[in-house]
Amino acid sequence: MSEVAPVTLGPADVPRWLFWAVAGPTAAGWVVTYLLAIRQAIVDKRVGVPVYMAAVDFAWEFSLTFILEQTPTQRGINFAWVIVNVFLMYQVFRYGRNDYPRLSPRAFTWSVLGVLVWAALLVMAGANEFHDLDGMYIGMVINVPLSASFILMLRRRGSSLGQSMHIATAKCVGSFFAGLTGFLLYPHRILFWVVVPTMVVLDIVYLVLLHRTMRAEGRSPWAFTARPHAEAVLVART
């Protein structure tokens, strides 16, 4: 056991240029992920971010931006993500039930709202518990099931509908640099050495599986406008 609990130690004093060298790609990677996911959902009529993790993500960003105490820099970054996430949540309610056809519209809506409220309470309690002013602990922990949910979404659909290598790559970049930001600011927090490699490995696994799925569908993995052939999607689902 550490003599001093690592969570009680504040962030390291790093040069501003060094901070933005890793935090900048984090913010950019996630904004690009969201924007590409919104576009792909419009094209394929399937959400680009897994339904229930989109609700968790929105709860994290909204709570940290408007309710909890935050560092000014992180609040500004989160605010930009909240704006984009409003569109993601709109698509969740419009297209999300396509992934859960056995749920009635009423049950689907209430389940999403229930997860959103629960996640907001968890984020606020966790931020208070760890005194997580920049949302680093909570954000890292949420990212693990988020990364896993993309793999599960691919398996559930049996096709690459609503997904693209560009989305997967942008998310992997955002997660990787978020991990570097955590290591830079909090080198003493041992939990990050478990959480960060886990989410990055999951993102890489998703990239590989998605690439294989697209090739099997006859879809060019890096074509920006290509869609899976209907026959390939039907075979994948059966």
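Neighbours of S111 by Cβ distance under 14 Å: Lys/Arg scored +1, Asp/Glu scored -1, total +2. Modelled label positions at W118 and E3, each set 7 Å beyond Cα in the direction of Cβ, lie 4.2 nm from each other. With K and R counted +1 and D and E -1, the other residues having a Cβ less than 12 Å from that of V123 yield a net charge of -4. Averaging Cα coordinates gives a centre for region 141-191 and one for region 18-35; these two points are 13 Å apart.
In Å², what does the accessible area per residue of the chain work out to with a 1.4 Å probe?
50 Å²
Charged neighbours of L210, selected by a Cβ distance under 12 Å, balance to +4 (K, R count +1; D, E count -1).
The values are calculated or read from the model by the stated rules, or taken from the named source; none is laboratory data. Because the structure is predicted, anything quoted here is derived from the model rather than measured. We place every Cβ from the backbone using ideal geometry, glycine too, and count neighbours over all the protein chains shown. Accessible surface areas use protein heavy atoms only, side chains included; no ligands, DNA or RNA. Shrake-Rupley method; radii C 1.70, N 1.55, O 1.52, S 1.80 Å.
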